[in-house]
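A.B. asks: Let me give you the structure first, and then I'll get to my questions.
The values are calculated or read from the model by the stated rules, or taken from the named source; none is laboratory data. What you see is a predicted model; the values in this text were computed from it and never measured. Glycine also receives a Cβ, built like all others from the backbone with ideal geometry; neighbour counts cover every protein chain displayed.
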Amino acid sequence: MLRLEPMSRPEFQASVERAIPRHAGDSARRGRWTEAAALEASQREFAELLPQGFDTPAFHFCTVVNDADGAGVGETWYRVQEKGGKLHFWVDWIWIDPPFRRRGYASEVLLLLAGRAASLGADRIGLSVADDNASAKALYAKLGFKPWSAQLMKELPPVAASSTRANPKPK
């Protein structure tokens, strides 16, 4: 059994300090950013997502705790916002520490979050997943998550070194 404990400010800061380089690495590996620019881009993205840090409205930051021994096994961030007359519950981050993976903890966290969402009056829970993350996609499908929208990308050939990439002007 797991429980979600609210993070303290120092726990949140440590979580962000771990999340930024993870996100940078994932984004560079997926080709979203160059390796050289990834860390700075990730820092900017987190600053935009959490403009007030720990005090950003609607966000909740939790440590995932194993009831059996009280050990932290991961973390999750989620937000709850009213939009268009509905309560939206969005999971921004689930992280299970590598030594604790493949034990059903991510499934249990999602079930806990779904219960929390329902108890608050939300009629659905959402999250996003990278298309190349087959294990996460399989887990989410097993728990009843379905695609709702998609972002599509097309790889393009490299631009010649002599052409400019910044603010290209259409002809």
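A.B. asks: Cβ-Cβ under 6 Å, sequence separation 6+ or interchain: first residue in region 149-171 and charged (D, E, K, R), partner in a loop (DSSP other than H, G, I, E, B) and modelled with pLDDT of 65 or more. Which pairs?
C.D. replies: Going by the 6 Å Cβ cut-off, the qualifying pairs are R165/V159.
A.B. asks: Taking the stated definitions as given, is G85 over 16 Å from the mean Cα position of the chain (by Cα) and not hydroxyl-bearing (S, T, Y)?
C.D. replies: Against the criterion (over 16 Å from the mean Cα position of the chain (by Cα) and not hydroxyl-bearing (S, T, Y)), G85 qualifies.
A.B. asks: In the list A106, A136, which residue meets the criterion of being in contact with a helix residue (DSSP H, G or I) (Cβ under 9 Å, 6 or more places away or on another chain), within 20 Å of P21 (Cβ to Cβ) and not in a strand (DSSP E or B)? Don't jump to the end; show me each part of the working.
C.D. replies: Values: A106 fails: within 20 Å of P21 (Cβ to Cβ).
Criteria check complete, one pass: A136.
A.B. asks: Tell me which residues, restricted to region 129-146, are among the hydroxyl-bearing types (S, T, Y) and surrounded by 14 or more Cβ atoms within 10 Å (Cβ to Cβ). Let's see the steps before the verdict.
C.D. replies: At the first step, the residues of region 129-146 found to be among the hydroxyl-bearing types (S, T, Y) are 135, 140.
Result: Y140, single match.
A.B. asks: Listed residues L156, L112; which is at pLDDT below 95 and either part of a loop (DSSP other than H, G, I, E, B) or not β-branched (V, I, T) (or both)?
C.D. replies: L156
A.B. asks: Is there any pair with a first residue in region 19-45 that is within 23 Å of P98 (Cα to Cα) and a second that is assigned to a loop (DSSP other than H, G, I, E, B) and among the β-branched types (V, I, T) whose Cβ atoms are under 7 Å apart and which are 6 or more apart or on different chains, and what are they?
C.D. replies: A28/T34
A.B. asks: Can I ask one more? Evaluate region 49-66: report whether one residue or more is under 21 Å from L2 (Cα atoms), more than 16 Å from the chain's Cα centre (by Cα) and at pLDDT 95 or above.
C.D. replies: Pass one, region 49-66, residues under 21 Å from L2 (Cα atoms): 59-66.
When the remaining residues are screened for being more than 16 Å from the chain's Cα centre (by Cα), the result is 65-66.
In the following step, the residues that additionally are at pLDDT 95 or above were identified as 65-66.
Yes: region 49-66 contains one or more residues that are under 21 Å from L2 (Cα atoms), more than 16 Å from the chain's Cα centre (by Cα) and at pLDDT 95 or above.
A.B. asks: Here's another thing I want to ask about it. Restrict the check to region 120-130 and report whether at least one residue is in a strand (DSSP E or B) and of a type outside the set (A, V, I, L, M, F, W, C). So that I can check it myself, show each step before the final result.
C.D. replies: First, pick out the residues of region 120-130 that are in a strand (DSSP E or B): 125-127.
With of a type outside the set (A, V, I, L, M, F, W, C) added as a condition, the list becomes 126.
Looking through region 120-130, at least one residue is in a strand (DSSP E or B) and of a type outside the set (A, V, I, L, M, F, W, C).
A.B. asks: Sticking with this one: Of the residues E82, E48, E75, which single one is closer than 30 Å to S119 by Cβ, among the charged types (D, E, K, R) and crowded, with 17+ Cβ neighbours inside 10 Å?
C.D. replies: Details: E82 fails: crowded, with 17+ Cβ neighbours inside 10 Å; E48 fails: crowded, with 17+ Cβ neighbours inside 10 Å.
Sole residue among the options that is closer than 30 Å to S119 by Cβ, among the charged types (D, E, K, R) and crowded, with 17+ Cβ neighbours inside 10 Å: E75.
A.B. asks: Restricting attention to region 47-76, and to residues there that are part of a loop (DSSP other than H, G, I, E, B) and touching a residue at least 60 places away in the same chain (Cβ under 8 Å), which single residue is farthest from E17 (Cα to Cα)? Spell out how you get there, then give the answer.
C.D. replies: Our first condition is that a residue be part of a loop (DSSP other than H, G, I, E, B); within region 47-76, this holds for 50-52, 56-58, 67-71.
Now drop any that are not touching a residue at least 60 places away in the same chain (Cβ under 8 Å), which leaves 67-68.
Values: D67: 26, A68: 28 Å.
Going through the qualifying residues, I end up with A68.
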